[in-house]
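Single-structure report; data block below.
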Amino acid sequence: MRKRWFFIASWLTLSVVGVGHAMAEGRPSSNDTPQLDDGKKVYRQYCASCHGTQGEGMPNWQQQNSRGELPAPPHGPEGHTWKHSNAMLYRIVAEGWRDPWNKTDRLTMPAYQEVLAPSEIRDVVNYLKTLWTQEQRRHQADESEQAPFPESSVATPE
Ligand code: HEC
């Protein structure tokens, strides 16, 4: 009898903790964990050189440099990556980006659609979410309800 209660109690605790965790944090569910590792690898290989190993960005990222371009911003709480929906973040990484006020026309943020698979772009964006606060993750998850990742990136080829 005791044993049975123990099972029921631990089952309840685990479910509540699990669901509460996923909901409160608005971060990818535990099913996404292998993809988060993949995302981290993609980040280290393709993004860290400009955005920093810890996502800290370049020094003076808020000021235009000598060429009149904005340096790579941080992806953590102090940056504004978290303010963009999944659809927008996907687009920025796939198609590249430049601040409209940059004095040159080039894409200061390179386009990755020829380099990374759609699922890798989604994975690296999901990895960036691990650098945000709970509050920021929740806000971004709400934004993304209306603007999700493109279908092509979600259907992972087997
Ligand atoms: C050659 C340097 C460079 C590399 C490599 C690079 N970025 Fe960027 N990234 C930038 C710059 C510079 C900007 C800011 C562009 C601007 O505002 O003019 C930027 C902006 C961004 C933004 C928008 C941030 C915001 O606050 O609006 C995201 C998201 C982003 N990069 C993600 C990535 C990811 C993911 C990778 C790797 C796949 C990557 N970047 C690789 C230079 C780089």
*Quick one: in region 106-158, of everything that is within 12 Å of the ligand (Cβ to nearest atom) and of a type in the set (Phe, Trp, Tyr), which residue is nearest to His75 (Cα to Cα)?*
Trp132
*State all residues of region 34-76 that are within 6 Å of the ligand (Cβ to nearest atom), in a loop (DSSP other than H, G, I, E, B) and closer than 24 Å to His139 by Cα; if no residue qualifies, say none.*
Ala72, Pro73
_Which of the numbered conditions does Tyr112 fail, given that it passes all the others? Conditions: (1) outside any loop (DSSP other than H, G, I, E, B); (2) closer than 20 Å to Cys47 by Cα._
(1)
*Got a sec? Which of Arg106, Arg138 is at pLDDT 95 or above, under 21 Å from Pro71 (Cα atoms) and among the basic types (Lys, Arg)?*
Arg106
_Within region 77-89, does at least one residue satisfy the condition of being near the ligand (Cβ under 8 Å from one of its atoms), basic (Lys, Arg) and within 17 Å of the chain's Cα centre (by Cα)?_
yes
*Quick check: anything in region 129-145 of a type in the set (A, V, I, L, M) and free of Cβ contacts under 8 Å to residues at least 60 places away in the same chain?*
no
*Going through region 54-66 one residue at a time, which ones are in contact (Cβ under 8 Å) with a residue 12 or more places away in the chain and surrounded by 12 or more Cβ atoms within 10 Å (Cβ to Cβ)?*
Gly55, Glu56, Gly57, Met58, Trp61, Gln64
*Answer yes or no as to whether Val93 is touching a helix residue (DSSP H, G or I) at 6+ places or on another chain (Cβ under 6 Å), surrounded by 19 or more Cβ atoms within 10 Å (Cβ to Cβ) and over 20 Å from Gln140 (Cα atoms).*
no
*Just name the residue that is nearest to Pro150 (Cα to Cα) out of those in region 90-105 that are in a loop (DSSP other than H, G, I, E, B) and more than 9 Å from the ligand (Cβ to nearest atom).*
Asp105
*Show the residue pairs that are 6+ apart or on different chains and have beta-carbon atoms under 8 Å apart, the first residue being within region 93-107 and in contact (Cβ under 8 Å) with a residue 12 or more places away in the chain and farther than 17 Å from Trp61 by Cα, the second being of a type in the set (Val, Ile, Thr) and near the ligand (Cβ under 6 Å from one of its atoms).*
Val93/Val124
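The values are calculated or read from the model by the stated rules, or taken from the named source; none is laboratory data. Bear in mind the structure is a predicted one, so any value in this text is a computation, not a measurement. For neighbour counting, all protein chains shown are included, and Cβ atoms are generated from backbone atoms with ideal geometry for every residue, glycine included.
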